[in-house]
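The structure appears below as structure tokens.
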Ligand SMILES: Nc1nc2c(ncn2[C@@H]2O[C@H](COP(=O)(O)OP(=O)(O)OP(=O)(O)O)[C@@H](O)[C@H]2O)c(=O)[nH]1
Ligand SMILES: [Mg+2]
């Protein structure tokens, strides 16, 4: 029997630079969603392997991930496939989309507002999480992607405020309010200051503000290649589990950033303390993953020199993914990580 067409799925974009707390926010929102609503999540990652879907997977919400660069360009060919499959399989009431922290937000919004999605998706509030420590640094203030994430948003929240002094928070607030794309903030109370992405779920239900809908607010589209339309690929090119000792490596470079990741057999076991120390010493902008350790499955997440880790549920394979603003030496890093493995008893 033919199903009713999918219509008016409420969609929200959750933007923010690498490691600001987008996935933490999604986990929080899922935990506070209205129980009568069916939600689904689309996560786009700069890294080729992708870890966030694993980190959200235990919430029971359907998640699809698009690894390998920005969902509107580098990963463009798979985005529509993944999005259409998610909509068809889940028929959600609400779709949360986490673009890569290095994504191009204006083009992503264009993609979601393309004619083919006009009756299918209803884009609601676009929310940008900001790390106040980034906001006050010139290298972020001058970064086009960082600026775009502020420019297209309807709401701005400061996350990681536990790591900021009151002075940093005040400086960050002043800069965002003075930012040309955030005039709406000037009329409001201070921007929300949160930790661990604990934002009010009600924000998702606020509409996209009319001033931000106008296409000229999204800036010119001509500077990047148009999104591709080749919706016939699977987004996992190597579906089989990796064999012990044979790490499946994948790397990606764009916009001055580089990712390097591996899929590794679950039969390789790790000494968690040594591994976390080795990862920490790599001094990369962003590191995350899940590995089989001597005491069960371990997730880890490193951003801005801050490491979090803990046990998680059973996984099918280990994943390690690094992102940095300098090229990453695959062989050297692999050798460093391999020295943290337990002797393989296969
Ligand atoms: N101290 C502190 N750590 C936080 C806070 N929010 C998130 N984190 C930690 O920051 C790290 C990155 O958080 P994620 O939620 O994965 O960030 P993200 O924006 O999804 O990262 P990408 O998808 O890689 O861009 C994790 O280790 C989190 O536990 C916070 O408010 N305070
Ligand atoms: Mg994330």
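Given the structure, is residue 125 touching a helix residue (DSSP H, G or I) at 6+ places or on another chain (Cβ under 7 Å) and more than 20 Å from residue 79 (Cβ to Cβ)? If you could, list the steps in order and put the result at the bottom.
On the way: touching a helix residue (DSSP H, G or I) at 6+ places or on another chain (Cβ under 7 Å): yes; more than 20 Å from residue 79 (Cβ to Cβ): yes.
Spelling it out, residue 125 is indeed touching a helix residue (DSSP H, G or I) at 6+ places or on another chain (Cβ under 7 Å) and more than 20 Å from residue 79 (Cβ to Cβ).
For the stretch 80-106, enumerate the residues that are away from ligand 1 (no atom under 16 Å from the Cβ) and under 22 Å from residue 19 (Cβ atoms).
106
Being over 21 Å from residue 67 (Cα atoms) and within 12 Å of ligand 1 (Cβ to nearest atom), is that true of even one residue in the stretch 314-322?
Scanning the stretch 314-322 turns up no residue that is over 21 Å from residue 67 (Cα atoms) and within 12 Å of ligand 1 (Cβ to nearest atom).
Considering every residue within the stretch 47-63, establish whether at least one is outside any helix (DSSP H, G or I), modelled with pLDDT of 95 or more, out of contact with any strand residue (DSSP E or B) (no Cβ under 7 Å at 6 or more places or on another chain) and more than 15 Å from ligand 2 (Cβ to nearest atom). Write out each step before concluding.
First, pick out the residues of the stretch 47-63 that are outside any helix (DSSP H, G or I): 47-51, 58-63.
Imposing the further condition that a residue be modelled with pLDDT of 95 or more reduces the set to none.
No, there is no match, as no residue in the stretch 47-63 is outside any helix (DSSP H, G or I), modelled with pLDDT of 95 or more, out of contact with any strand residue (DSSP E or B) (no Cβ under 7 Å at 6 or more places or on another chain) and more than 15 Å from ligand 2 (Cβ to nearest atom).
How many residues does the stretch 281-309 hold that are within 16 Å of ligand 1 (Cβ to nearest atom) and in contact with a strand residue (DSSP E or B) (Cβ under 6 Å, 6 or more places away or on another chain)?
Looking only at that region, the number is 16.
Taking the stretch 286-322 as the search range and keeping residues that are more than 16 Å from the chain's Cα centre (by Cα) and more than 23 Å from residue 243 (Cα to Cα), which one is surrounded by the most Cβ atoms within 10 Å (Cβ to Cβ)?
Here the answer is 309.
What are the residues in the stretch 32-46 that are within 22 Å of residue 79 (Cα to Cα) and more than 13 Å from ligand 2 (Cβ to nearest atom), if any? Show your work before the answer.
From the stretch 32-46, those within 22 Å of residue 79 (Cα to Cα) are 38-46; that's our starting set.
Those that are within 22 Å of residue 79 (Cα to Cα) and more than 13 Å from ligand 2 (Cβ to nearest atom): 38, 39, 40.
Which ones in the stretch 1-26 are more than 8 Å from ligand 1 (Cβ to nearest atom) and not in a loop (DSSP other than H, G, I, E, B)? Don't jump to the end; show me each part of the working.
Looking only at the stretch 1-26, we keep the residues that are more than 8 Å from ligand 1 (Cβ to nearest atom), and these are 1-15.
If the condition is that a residue be more than 8 Å from ligand 1 (Cβ to nearest atom) and not in a loop (DSSP other than H, G, I, E, B), then 9, 10, 11, 12, 13, 14, 15 are the ones that fit.
Every residue, every condition in (1) touching a strand residue (DSSP E or B) at 6+ places or on another chain (Cβ under 6 Å); (2) surrounded by 18 or more Cβ atoms within 10 Å (Cβ to Cβ); (3) more than 27 Å from residue 303 (Cβ to Cβ), yes or no:
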{"position": "96", "(1), (2), (3)": "yes, yes, no"}
{"position": "118", "(1), (2), (3)": "no, no, yes"}
{"position": "121", "(1), (2), (3)": "yes, yes, yes"}
{"position": "126", "(1), (2), (3)": "yes, yes, no"}
{"position": "130", "(1), (2), (3)": "yes, yes, no"}
{"position": "136", "(1), (2), (3)": "no, yes, no"}
{"position": "141", "(1), (2), (3)": "no, no, no"}
{"position": "147", "(1), (2), (3)": "no, no, no"}
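Got at least one residue in the stretch 222-236 being modelled with pLDDT of 90 or more, touching a helix residue (DSSP H, G or I) at 6+ places or on another chain (Cβ under 9 Å) and part of a loop (DSSP other than H, G, I, E, B)?
First, the residues of the stretch 222-236 that are modelled with pLDDT of 90 or more: none.
No, every residue in the stretch 222-236 fails to be modelled with pLDDT of 90 or more, touching a helix residue (DSSP H, G or I) at 6+ places or on another chain (Cβ under 9 Å) and part of a loop (DSSP other than H, G, I, E, B).
Output yes when any residue across the stretch 81-96 is assigned to a loop (DSSP other than H, G, I, E, B), within 16 Å of ligand 2 (Cβ to nearest atom), touching a residue at least 40 places away in the same chain (Cβ under 8 Å) and assigned by TED's automatic domain parsing to the domain that holds residue 208, and no when none is. Working first, answer last.
Our first condition is that a residue be assigned to a loop (DSSP other than H, G, I, E, B); within the stretch 81-96, this holds for 91-93.
Filter once more, so that each one left must be within 16 Å of ligand 2 (Cβ to nearest atom): none.
Looking through the stretch 81-96, none of the residues is assigned to a loop (DSSP other than H, G, I, E, B), within 16 Å of ligand 2 (Cβ to nearest atom), touching a residue at least 40 places away in the same chain (Cβ under 8 Å) and assigned by TED's automatic domain parsing to the domain that holds residue 208.
Can residue 69 be described as in a loop (DSSP other than H, G, I, E, B), under 10 Å from the mean Cα position of the chain (by Cα), within 16 Å of ligand 1 (Cβ to nearest atom) and assigned by TED's automatic domain parsing to the domain that holds residue 154? Don't jump to the end; show me each part of the working.
Values: in a loop (DSSP other than H, G, I, E, B): yes; under 10 Å from the mean Cα position of the chain (by Cα): no; within 16 Å of ligand 1 (Cβ to nearest atom): yes; assigned by TED's automatic domain parsing to the domain that holds residue 154: yes.
Against the criterion (in a loop (DSSP other than H, G, I, E, B), under 10 Å from the mean Cα position of the chain (by Cα), within 16 Å of ligand 1 (Cβ to nearest atom) and assigned by TED's automatic domain parsing to the domain that holds residue 154), residue 69 does not qualify.
Is it the case that some residue within the stretch 194-210 is modelled with pLDDT of 95 or more and part of a strand (DSSP E or B)? Reasoning before the result, please.
Our first condition is that a residue be modelled with pLDDT of 95 or more; within the stretch 194-210, this holds for 194-205.
If we keep only those that are part of a strand (DSSP E or B) as well, we get none.
Checking the stretch 194-210: not a single residue is modelled with pLDDT of 95 or more and part of a strand (DSSP E or B).
Can you name every residue in the stretch 1-26 that is away from ligand 2 (no atom under 13 Å from the Cβ), touching a residue at least 40 places away in the same chain (Cβ under 8 Å) and out of contact with any helix residue (DSSP H, G or I) (no Cβ under 9 Å at 6 or more places or on another chain)?
Answer for the stretch 1-26, where residues must be away from ligand 2 (no atom under 13 Å from the Cβ), touching a residue at least 40 places away in the same chain (Cβ under 8 Å) and out of contact with any helix residue (DSSP H, G or I) (no Cβ under 9 Å at 6 or more places or on another chain): 5, 7, 8.
Could you give me the residue pairs with C-beta distances under 9 Å whose first residue belongs to the stretch 131-153 and is over 17 Å from residue 105 (Cβ atoms), whose second residue is in a loop (DSSP other than H, G, I, E, B) wherever it lies, and which are 6+ apart or on separate chains?
132/159; 132/160; 132/164; 133/160; 133/164; 133/304
I'd like the residue in the stretch 270-285 that is crowded, with 19+ Cβ neighbours inside 10 Å and in contact with a helix residue (DSSP H, G or I) (Cβ under 8 Å, 6 or more places away or on another chain) and, out of all such residues, is nearest to residue 245 (Cα to Cα).
Looking at the filtered set, the residue picked out is 275.
Residues of the stretch 39-60 being out of contact with any helix residue (DSSP H, G or I) (no Cβ under 7 Å at 6 or more places or on another chain) and within 13 Å of ligand 1 (Cβ to nearest atom), which ones? Give the derivation first.
Filtering the stretch 39-60 down to residues out of contact with any helix residue (DSSP H, G or I) (no Cβ under 7 Å at 6 or more places or on another chain) leaves 44, 46-51, 53-54, 57-58, 60.
Hits for the stretch 39-60 are 44, 46, 47, 49, 50, 51, 53, 54.
When residue 29 is evaluated against the numbered criteria (1) at pLDDT 90 or above; (2) part of a loop (DSSP other than H, G, I, E, B); (3) within 16 Å of the chain's Cα centre (by Cα); (4) more than 12 Å from ligand 2 (Cβ to nearest atom), which criterion, by number, is the only one it fails?
Evaluating residue 29 over (1) at pLDDT 90 or above; (2) part of a loop (DSSP other than H, G, I, E, B); (3) within 16 Å of the chain's Cα centre (by Cα); (4) more than 12 Å from ligand 2 (Cβ to nearest atom) leaves (2) as the failure.
The values are calculated or read from the model by the stated rules, or taken from the named source; none is laboratory data. In this text, all values refer to a predicted model and were calculated from it rather than measured experimentally. Because the Cβ atoms are built from the backbone with ideal geometry, glycine has one as well, and the counts that use them run over all protein chains shown.
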